[in-house]
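Q: Okay, handing you the structure first.
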Amino acid sequence: HLLISMIYEWTLLLLCGILGSGFSEKPSWFKNISTSLFKSPGDILIGGLFPINELTSELSKRVKPDDLECNSISTYGLSLALAMKFSLDEINSKENLLPGITLGFESYDTCMQPAVVMRPVLQLLTKESTEELDIACNYTDYKPRVIAIIGPNNSELVPVIGKLIGFFLMPLISYGATSDMFSDKETFPSFMRTVPSDRWQVAAMVQLLKEFRWNWVSVVGSDDEYGQKGQQQFSSMANEESICVAYQGLIPVYSDPEQAVKEILNRIVDAKVGVVVVFSLPKPARDFFIEVIKRNMTGVWMASTAWALNDAVATLPGINSIGTVLAFADITRPLPLFTPYIHELFTKMEEMQIPQQPDTKISPLDNTCPRCSDLSQANVSMVQIKLVQRSAFSVYTAIYCVAHALHDLLGCNTTHCALNPRTDNVYPWQLLQSLQKVSVDLEGVDFKFDKEGNPNFGYDVMQWNFSDTTVHFDIIGYFYQNLTINENKIKWHTKNGKVPMSTCSSDCGIGQVRRVKGFHSCCFDCIDCKEGTFLNSSDDIQCKSCPAGQWSTLRSTSCVYPIYTYLDWSNYESIGLILGGIVVLVSHVWVGALFFKHRGTPLVKTAGGPLSGLMLLSLVGTCISLVLFLGQPGDIVCRLQEPLNAFFPTVALSVILTISLQIVCITEFPEKSSDYLENIRGRGSLFVILGCCGVQAGLCGWYAQEAPSLTQYVASLEVTYVKTFLRCPVEPMLNFGLMLGFNVLLALVSFMATFMALKPPGQYNLARDITISTLSYCVLWVMFIPIYTSLNDKDKSIAQVGVSLLSNIGLVVAYFFPKWQLLVKHPELNTVDHFRTFLEGVPPTPPEES
């Protein structure tokens, strides 16, 4: 769409140049061009208000109403007045638009001053064919001099004349007043325009800021209706889109702006913004950029339509040093015949010129531009300026809308009109109704007004590109309701050629919340969301706590249910424990096989006989029960894990306890040992073993009863983690301690019973094996207690399995390996004599002193 539009525009411009150069045949109606620039008779008159001259006197010295001088021609305003003349001459040449009807016009100078514009407006409101403004009770049938007024060119003048003209419901169609306040049809019922409202311009600016992620800007406006309203609207809309306005300043329009501009620039520098929106009329904008150039300031300057293409600013010396200028200009179409028309008009004027001095006594209403009689072909270039070419289309559109509305109002077809304004009354309020419904196709643009009197198109987005001597206005996008930008066409005037930044604070990262500093929401510190909280949306002002049963890590955007890990079979720790268990099991099998082979021998009988086999089986059971600590835990596994780990060692220790009691009987009660030893070895051992196992079984049952199931345990956990190790609950700790403590107590009793026992001279020292094995068991499990309490859950499980294996292998090594060594290396000692003390209950004899 943008490419087609540009091709179309440049094609028509080329055609315009060809026509202007005389290489194409001129339209026949050019022969009838009148040299009267500002007035032309007709069946229906249209008024025009243009800034043809500029103020040359000081408003502060005004005493009388007429103490105003506008003696400097504005080529821009004059060109637009000529655009109106061209449009009407072209319309009158088309016999099928208003057949048999001629449109005339009266154009007046506004000098861009409220005090000046009132005079021509009052003149245009006078009764038809008179110089009088009637006072009546009913103005429905009042026919003013003109049926519509084209103008004014800026928003400063509309409040002065808009309500007055609105009283008559006379169409007031502006080609340059963009303030959105005029969209209020209750206050300005007859106001319409052919340029977009500033509301759309502000929306376009805000979208452009968002496009490049600029949220820290300053906005400067001219101190008039246009700048004030534009600045207010921009600040309001920017705030809604989370764009912060760091500073707002107004450039004086009716007084010396130098000091004010210096203060504005000082504040902009202090605010450290990279983008400045300038919503200003051309002259204040020029004053502003003169000081910008002096200070050698650079940045991104966003230009409003009023000065976006104005040569007064674009031709300032040093303007190419200010950085990047992004501008908004009304979407227009070239007028191919406009330049050739002006060339023909000025040629005729040059031929008819009669040198004369301007008569200063003539009223400005009768002589709008005294010096315009000197116009010649040399002045044609004034209408070829880019700004004039674009603005002329707005004037052209306004007049064609009036013509088409009259076509509908008068009931015209291609040959005649039902109503004749020479004989039938046609009132401005009737034309207003027709204008509200008109639809016109102009140079490929389907134009119509909305219910607020605004046009149905938007803006071209342009960039100022600087060459050595001139500024080129290059189209980089367009806006109508939504912004379309071709970023590849933008040449950033920065050191690195990249998009500049304009933010008070850098964007926060994922999972960070903004804590605003000062008064501007764009200035903030980024605070990390802590563990257990999350940031659901970047717009949230605080981190939210996770729901029950969920947790989050630092700087999270959501909470998750926790993931539980366990001692998987493939973990290095698990593999190490499994290998250790296999080694211990192999030692059990080895010892068991050896003892089974030598069953019935004195050594095996001394070691406990069948009870030694029970002891080995319980130690094997201890090793096998340790597999319950590996793999994914479950309710049943957790019910069995600690009880089995405590019960199997009880069996082995109770066997050792029975043997220890036999040693006590022999060594401490030698005279009675032979009488009671057999009972102790038989039913006594059985009672001791069953009694110890019964007590431990009771403790294990109590533990299993009191301990929560794994499901209950997990449900009761306060989730403060995303991932953690899950082990079976070891609760209550008292019951757990009693189970382990009972085993240590059995080992301690055995140790106490044997560590002072005398060694039988020349015989096997069974007490030594029990002392060392039980001592190692006690030491390991006593050391286990402080270590266990200081570990995390995973290490607790590993430590418990490890200590169980060590205590197991300790019993095997200390109790069984000395006997294994004797069986393997000294089988000759496996005799009754070598074990007589224990087998027969004969107390050991202390060695004689020499």
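The values are calculated or read from the model by the stated rules, or taken from the named source; none is laboratory data. Note that this is a predicted model, so its numbers are computed, not measured. Cβ coordinates were reconstructed from backbone atoms using ideal geometry, including for glycine residues, and neighbour counts include every protein chain displayed. What goes into the accessible areas is simple: the full protein's heavy atoms, side chains included, and nothing from ligands, DNA or RNA. Shrake-Rupley method; radii C 1.70, N 1.55, O 1.52, S 1.80 Å.
Q: Can you spot the lysines whose alpha carbon is less than 22 Å from LYS723's alpha carbon? Ignore those fewer than 8 places along the same chain.
A: The qualifying lysines are LYS530, LYS544, LYS794, LYS796.
Q: Can you give me the accessible area per residue for the stretch 507-561, using a 1.4 Å probe, in Å²?
A: 65 Å²
Q: Then there is this: Kindly report, to the nearest 10 Å², the accessible surface of SER183 as traced by a 1.4 Å probe over protein heavy atoms only.
A: Probe radius 1.4 Å; accessible area of SER183 about 10 Å².
Q: Right, here's the next one. Relative contact order for the chain: what percent, with Cα pairs under 8 Å and sequence separation of 6 or more?
A: Dividing the mean separation by the residue count of the chain yields 10 percent.
Q: Please list, in chain and number order, the residues 5+ apart from PHE279 or on another chain whose amide H is under 5 Å from its amide H, with Hs placed from the backbone.
A: For PHE279, the qualifying residues are VAL220, GLY221, SER222.
Q: Relative contact order (percent) for the stretch 472-544, with alpha-carbon contacts under 8 angstrom and 6 or more residues of separation?
A: Averaging sequence separation for qualifying contacts and normalising by length gives 19 percent for the stretch 472-544.
Q: Which net charge results for the neighbourhood of LEU208, defined as the other residues with beta-carbon distances under 12 angstrom from its beta-carbon, given Lys and Arg at +1 and Asp and Glu at -1?
A: -1
Q: What is the helix-to-structure angle for 685-706, meaning the angle in degrees between its Cα long axis and the longest Cα principal axis of the chain, kept from 0 to 90 and rounded to the nearest 10?
A: Between the helix axis and the principal axis of the chain, the angle is about 20 degrees.
Q: Put +1 on the Cβ of every Lys and Arg and -1 on every Asp and Glu Cβ in the chain; which of VAL160, SER807, THR56 then has its Cα farthest towards the positive end of the dipole?
A: SER807
Q: In the chain, with Lys and Arg counted as +1 and Asp and Glu as -1 at Cβ, which of these residues, THR484, TYR459, PHE817, has the Cα nearest the positive end of the dipole, that is, farthest along it?
A: The one lying farthest along the dipole's positive direction is PHE817.
Q: Heavy-atom accessible area of TYR566 with all protein chains present, probe 1.4 Å, nearest 10 Å²?
A: That residue has around 70 Å² of solvent-accessible surface.
Q: Additional query: Quick check on the chain: helices-only [θ] at 222 nm, where DSSP H runs of length 4 and up contribute -39,500 (n - 2.57) each and the sum goes over total residues. Nearest 500, please.
A: -14000 deg cm²/dmol
Q: Quick one: with all protein chains in place, what share of the accessible area of the stretch 135-220 is carbon or sulfur, to the nearest percent (1.4 Å probe)?
A: Ligands and nucleic acids excluded, carbon and sulfur give 53 percent.
Q: What do you reckon, how do ARG267, ARG390, ARG295, ARG422 stack up by accessible area (1.4 Å probe), largest on top?
A: ARG422, ARG267, ARG295, ARG390
Q: Please state the charge dipole magnitude for the chain, taken about the Cα centre, from unit charges on C-beta atoms (+1 on K and R, -1 on D and E), reported in debye and rounded to the nearest 20.
A: I would put it at about 2600 debye.
Q: With a 1.4 Å probe and all protein chains kept in place, how much accessible area does GLU54 have, in Å² rounded to the nearest 10?
A: About 90 Å², rounded to the nearest 10.
Q: Shifting gears a bit: Put +1 on the Cβ of every Lys and Arg and -1 on every Asp and Glu Cβ in the chain; which of CYS778, ALA646, GLY77 then has its Cα farthest towards the positive end of the dipole?
A: Comparing the listed Cα positions along the dipole, CYS778 ranks first.
Q: Also, quick follow-up: In a shell of Cβ-Cβ distance under 14 Å around THR305, excluding THR305 itself, what net charge do Lys and Arg (+1) and Asp and Glu (-1) give?
A: Counting the neighbours of THR305, the net charge comes to +1.
Q: Below 20 Å, Cα to Cα, which aspartates and glutamates can LYS185 reach? Residues fewer than 8 away in the same chain don't count.
A: Of all the aspartates and glutamates, those that pass the test against LYS185 - Cα under 20 Å, at least 8 places apart if same chain - are GLU156, ASP198, GLU225, ASP450, GLU452.
Q: Ordering TRP569, TRP200 by accessible area with a probe of 1.4 Å, largest first, what comes out?
A: Putting TRP569, TRP200 in descending order of accessible area: TRP569, TRP200.
Q: Something else: Can you tell me the order of 787-797, 280-290, 25-35 when each peptide is scored by its average per-residue count of other Cβ atoms within 10 angstrom, highest first?
A: Answer by packing, highest mean first, reads 280-290, 787-797, 25-35.
Q: Now for a different question. With a 1.4 Å probe and all protein chains in place, put LEU822, LEU409 in order of accessible area, largest first.
A: Heavy-atom accessible area, descending, gives LEU409, LEU822.
Q: Here's a follow-up. Could you tell me how many degrees, from 0 to 90 and to the nearest 10, lie between the Cα long axis of helix 733-754 and the main elongation axis, the longest principal axis, of the Cα atoms of the chain?
A: The answer is roughly 30 degrees.
Q: Please report the relative contact order for the stretch 507-561, taking Cα pairs under 8 Å with a sequence separation of at least 6, and give it as a percent rounded to a whole number.
A: In percent, rounded to a whole number, it is 34.
Q: Can you spot the aspartates and glutamates whose alpha carbon is less than 14 Å from LYS759's alpha carbon? Ignore those fewer than 8 places along the same chain.
A: Partners found: GLU668, ASP769, GLU848.
Q: For ARG193, enumerate residues with amide H under 5 Å from its amide H, sequence gap 5+ or separate chain, H modeled in the peptide plane.
A: When sequence neighbours closer than 5 places are left aside, the close amide H contacts are SER174.
Q: Filter the cross-link list LYS61/LYS163; LYS61/LYS229; LYS272/LYS517; LYS85/LYS386 down to pairs whose alpha-carbon distance in this structure exceeds 22 Å.
A: Violating the 22 Å Cα-Cα cut-off are LYS61/LYS163; LYS61/LYS229.
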